[in-house]
Every structure is written in structure tokens, then in C-alpha cells.
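The values are calculated or read from the model by the stated rules, or taken from the named source; none is laboratory data. Computed from a predicted structure; not experimentally measured. Positions of Cβ are generated from backbone atoms using ideal geometry, with glycine treated the same way; all protein chains shown enter the neighbour counts. Calculation scope for accessible area: heavy atoms of the full protein, side chains included, ligands and nucleic acids excluded. Shrake-Rupley method; radii C 1.70, N 1.55, O 1.52, S 1.80 Å.
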Amino acid sequence: MNVHGRRVLVTGATGGLGQAIARALRGRGARLVLTGRRVDVLEPLATELAAKAIVADLGTPDGVAGLVEQLGEVDVLVANAGLPASGPVLEYTPEQLGRALDVNLRAPMLLARAVAEPMVARGTGHLVFVSSLSGKAASPGSGVYSATKFGLRGFALGLREDLIGTGVGVSTVFPGFIVGAGMLDDAGVQLPFYAGTRRPEHVARAVLRAIEGERAEIDVAAAPIRVGAALAGLAPRPVYAVQRALGARSIGERLGTAQRHKR
């Protein structure tokens, strides 16, 4: 699908990745609807990109319904909003678990359900889910986050099969370690020298490739990280042993501590 002139909804637009995605789409001529919780960031961004801004908290019961009511017709959904959800599972309260599931999994599912039906009726559209390589391979301190991102991958793959032949595409983008914006950058955690990183612009370009090339999945990470994630599905025990030996537990602990206030 060519995004020029298409109406595109980007959730989580106030975060660093969301801003990069929105700017890349606008650069291709898309007409944008941007949503997020931070009015102070959302409104200037919407003005810059000639976009419609809708303030919404996708972690509340009425957040998705309220967004859909104000939305109108869209040609593309980019479900990018997400919570870090880092830290050991046993530290999470039931309420915190529920919020992570609501924002990272329930909201994109409900939004996709809402916008996909009219897309199918028109015979055209595209749904993009921004997941994470944590949705292919878990690590220490990622149990809650990985659960939501594994779930998002399963939902997207199943939905893609449901919509084959309708003219509506479904893609999932899997960022690895992203510097310059996003959850890792917000946490201020320094990675070891061997951890390859990418920037928000790489994620934004992957979103465009997913839509324009009707790609099922795209990883955005250095080659060793991509290979490790793929091998984790085939041989989890040795891969996770190597991961621990390379300091994954320490990284997970630091991320969990830095992001605890965002649960």
C-alpha cells in the first residue's frame, strides 16, 4: 500500500519512537491522526505534522472506546503505544499486571477489531503492530513485557491469516535495543559494547517497509541480536544460558529499577 494521501492512526505518538514513525509517514504524504497521553508533546507534534490530535489513555477502560468514537475512518493503524513492564514478575501487583496487559495487548487488539471491519468492507487497509524482540525471546526481568509482546505477535499472525484475500494487510515490527528514544533511552541504562543498537529512524523505516511491502514481520536489530532471538525459539536452554553469561540478568535488573515508576 502506498501511504500517500492515506489516513493513518499512530498510537503512542508522544514517545520517541512514535514521533519518528509519525514524521516518516508524513514524509511519505500520509494524513495523520496522532494519539497519546502527553498533551504538551502531542499538540505541538500535531501542529508540526498537520495532524489531528486525540488525547487518550489506552490503559483505562474507556480509553479505547473514546478514541474510536473520535477517530473516523482510517486506512492504516500503527499500534505503537506501550508500557516498559520491566522487572521481576513477582514484584508486580495485580493492578500493574492488568495495566501492562491493557496498554500493550488489549488496546491494540480492540483498536484493530474496530478499524479492520470497515477496512475489509472497503477492500483496502493495513494494520501494523510495534512489538519487540522480547516478543520472540524473553530475558531476565522481561516476563510481563514478553508476555504482552509474545501475545501481540500471536494476535497479529492469526489476524493476518483471517484477513488473507480481503485487501487488508497485517504486519508486526520487532525493535531490539533502540537508542536515541524509547524505553531503553528513557531508562538511561548503558548497554555492554557487544549489544548492537538501532535508532528510532530505523524503526520508522521498518514501519514504512511493512506497509508498502505488505511484510508479515520485520526485525529491527543488529544481526547477532536477530539471530539470538531466532535461535531462542529453537533451542531455548542453551541460548538463555549464553544470554545469562553475557550479563542479561544485570541489564534486566537495571531496566527494572529505572522503569519501576512506569508500571
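Things worth noting here:
- For the pair Val120 and Val179 in one chain, pulling the backbone fully straight at 0.36 nm per residue adds 17.6 nm over the alpha carbon distance.
- For region 41-135, the solvent-accessible area with a 1.4 angstrom probe is 41 square angstrom per residue.
- With a 1.4 Å probe rolled over the protein heavy atoms of all chains, the accessible area of Phe129, Phe155 falls in the order Phe155, Phe129, largest first.
- Ranked packing of 231-241, 8-18, 140-150, most packed first, by mean Cβ within 10 Å: 8-18, 140-150, 231-241
- Percentage of interatomic Cα-Cα distances in the chain larger than 28 Å: 30
- Estimated FRET transfer efficiency when R0 is 35 angstrom, pair Glu212-Thr47 (beta carbons, to 0.05): 0.85
- The chain, dipole about Cα centre (Lys/Arg Cβ +1, Asp/Glu Cβ -1), debye to the nearest 20: 600
- Where N is the number of residues in region 36-96, Cα Rg divided by 2.2 N^0.38 Å: 1.40
- Over region 15-140, the alpha carbon radius of gyration divided by the compact-protein estimate 2.2 N^0.38 Å works out to 1.11.
- The chain, relative contact order in percent, only Cα pairs under 8 angstrom and at least six apart counted: 21
- Over the residues of the chain, the helix contribution to mean residue ellipticity at 222 nm works out to -15000 deg cm²/dmol, using -39500 (n - 2.57) for each DSSP H run of at least 4.
- Translational diffusion coefficient (Stokes-Einstein; Kirkwood radius from C-alpha pairs) of region 77-166 at 4 °C, 1.567 mPa s, in µm²/s: 94
- Coarse-grained scattering of region 125-186 at q = 0.16, 0.20, 0.29 Å⁻¹, given as base-10 log I(q)/I(0) from a Debye sum over alpha-carbon atoms: -0.57, -0.78, -1.17
- Relative contact order (%) - region 1-148, alpha-carbon pairs under 8 angstrom, separation at least six: 24
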